[in-house]
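Have a look at the structure below, then the notes.
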Amino acid sequence: MKTLSILLVLAVMIIFACNNNDTRSFIPGTYVDTTGSSKSKASDTLIIEFTGESNNYVIHRKTGYNLISKNEIGNREYASEEWTAIYDSGTRTLKVPFPVKLITFYPQSGKLCIRQRAYQKLELP
């Protein structure tokens, strides 16, 4: 019985470790999201890169948006940001200290989420 319990614990640990590696290998890449309202239309791109140091990642965010006024779409505006993030192997998330963000990954569906906003990963050649 004791041996069976030990084997069961080891099996659970191996499964968790495999899932953790799947998430970690899924993280680097390009993710996109589009959104709109009566006041604006926007497209957002996140490019996530592993820095090569421990659990550190850099995230490049590029946004293009059009403001809508009196039912007319304005000129395209652009903004960009760069964030640093730390991978938390316990929760399998990226934590961005400033601006404070928690990024959750869903490798099975090819998505990441920041709060309620979902980004789809692009499969680039």
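Since every read-out is calculated from the coordinates, none of them should be taken as a lab result. Quick caveat: nothing in here was measured; it's all calculated off a predicted structure. Because the Cβ atoms are built from the backbone with ideal geometry, glycine has one as well, and the counts that use them run over all protein chains shown.
Using C-alpha pairs under 8 Å with a sequence gap of at least 6, the mean separation divided by the residue count of the stretch 47-125 gives a relative contact order of 17 percent.
Calculate the translational D of the stretch 52-125 in whole µm² s⁻¹ from Stokes-Einstein, where the hydrodynamic radius comes from the Kirkwood formula applied to all Cα pairs, the temperature is 4 °C and the viscosity 1.567 mPa s.
Details: Rh = 14.5 Å.
In µm²/s, the coefficient is 89.
Loop-located GluC sites (Glu not before Pro) in the stretch 60-125 (DSSP state not H, G, I, E or B) with no more than 11 neighbouring Cβ atoms inside 10 Å: Glu123. In sequence order, the stretch 61-71 has phi-based couplings of 10, 10, 10, x, 8, 10, 7, 10, 9, 6, 6 Hz under the Karplus curve 6.51 cos²θ - 1.76 cosθ + 1.60, θ = phi - 60°, and Gly or Pro positions carry x. Straight-distance candidates among the lysines for linking to Lys121, with alpha-carbon spacing under 24 Å and chain neighbours fewer than 8 residues away dropped: Lys41, Lys62, Lys95, Lys101, Lys111.
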